[in-house]
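The values are calculated or read from the model by the stated rules, or taken from the named source; none is laboratory data. Just so you know, these numbers come straight off a predicted model, no measurement behind them. Please note: Cβ atoms are built from the backbone with ideal geometry, for glycine as well, and neighbour counts cover all protein chains shown. Accessible surface areas use protein heavy atoms only, side chains included; no ligands, DNA or RNA. Shrake-Rupley method; radii C 1.70, N 1.55, O 1.52, S 1.80 Å.
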Amino acid sequence: NNLAIGYNYLYEETDDDNAAFNYKFGYAIALSCMSQCYVMLSDYSQAILLQEDTVTLMIQLVGQDNRYYWDHYLSLGKCYLYANRFQEASEVLTSCIEYYKASEGDNDAIIVDTYNCLGLVEHELHRYDNSIEYFESGLGILDKIAKPTDFAYVAPYTNLGMVYGALGLYEKSYLCYQKALYPYKDYVDRLYELDAERLRQLSALFLNLG
């Protein structure tokens, strides 16, 4: 119902400016959510169309200095990446990096994610030096905010290993893949410790029953 009302407000005049804004804003968020659904369905053309509409609405509603605009603009950049529209993805993601680096608040995680996306774009464009620089920039931030066992390391190290492999630097590639697997090793070790403790508890229970 809100979607239908919001759609009407896009094309009809109303005296209730607050209601119009709320419905339009809700409509924009719904468009973005539908865009992400199409991403999951691998229908990237439709995802892009919906996300472009979302970005256009955000410009009208909150302007280009607002965080809501940039978060949806970042989503559009990722859609371009998924659709292999790498030049457009590069332009959008580079703008997003500059915004998040300059804005206040804890933006480290989103900057790392955007660096990772830019690294993938540069890899696809065969600009390997740029790709390595982006992945290493993201890893540099992670080194300050995360533990080595954090799963946030998996994607950038995996992607960095891919780039080194494309360059024929197989030893560096291998080391990156090892680091990408490290969080899984810690996870498996903890599962093993948990299972070992359960076995000890069961053994004690059976001994007591005996």
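State which residue pairs qualify: first residue without any contact (Cβ under 8 Å) to a residue 12 or more places away in the chain and inside the range 148-160, second residue surrounded by fewer than 22 Cβ atoms within 10 Å (Cβ to Cβ) in any location, beta carbons under 7 Å apart, and separation of 6 or more residues or different chains.
none
Residues being under 17 Å from Tyr80 (Cβ atoms) and among the charged types (D, E, K, R): count how many of those fall in the range 119-152.
Total satisfying the criteria: 3.
Filter the range 51-81 for residues that are open to solvent by 70 Å² or more (accessible area, probe 1.4 Å) and not in a helix (DSSP H, G or I) and give the result.
Within the range 51-81, Gln64, Asp65 meet the criteria.
Only residues that are more than 19 Å from the chain's Cα centre (by Cα), within 19 Å of Gly140 (Cβ to Cβ) and either open to solvent by 70 Å² or more (accessible area, probe 1.4 Å) or among the charged types (D, E, K, R) (or both): list them for the range 150-176, please.
Lys172, Leu175
List pairs: first in the range 17-44 and within 12 Å of Leu61 (Cα to Cα) and open to solvent by less than 40 Å² (accessible area, probe 1.4 Å), second among the β-branched types (Val, Ile, Thr) and at pLDDT 90 or above, Cβ under 7 Å, 6+ apart or cross-chain?
Here the result reads Ala28/Thr54, each pair linking the range 17-44 to a residue that is among the β-branched types (Val, Ile, Thr) and at pLDDT 90 or above.
Being at pLDDT 95 or above and over 24 Å from Ile29 (Cα atoms), is that true of even one residue in the range 78-86?
yes
When the residues of the range 127-143 are narrowed to those that are touching a residue at least 24 places away in the same chain (Cβ under 8 Å) and open to solvent by 30 Å² or more (accessible area, probe 1.4 Å), which ends up nearest to Gly168 (Cα to Cα)?
Looking at the filtered set, the residue picked out is Tyr128.
Inside the range 82-111, can you point out the residues that are under 15 Å from the mean Cα position of the chain (by Cα) and open to solvent by 20 Å² or more (accessible area, probe 1.4 Å)?
Once the filter is applied, which keeps residues that are under 15 Å from the mean Cα position of the chain (by Cα) and open to solvent by 20 Å² or more (accessible area, probe 1.4 Å), the range 82-111 yields Tyr82, Thr94, Asp108, Ala109, Ile110.
Out of the range 120-149, which residues are among the hydroxyl-bearing types (Ser, Thr, Tyr), assigned to a helix (DSSP H, G or I) and over 15 Å from the mean Cα position of the chain (by Cα)?
Of the range 120-149, the ones among the hydroxyl-bearing types (Ser, Thr, Tyr) are 128, 131, 134, 137, 149.
With assigned to a helix (DSSP H, G or I) added as a condition, the list becomes 128, 131, 134, 137.
Across the range 120-149, the qualifying residues are Tyr128, Ser131, Ser137.
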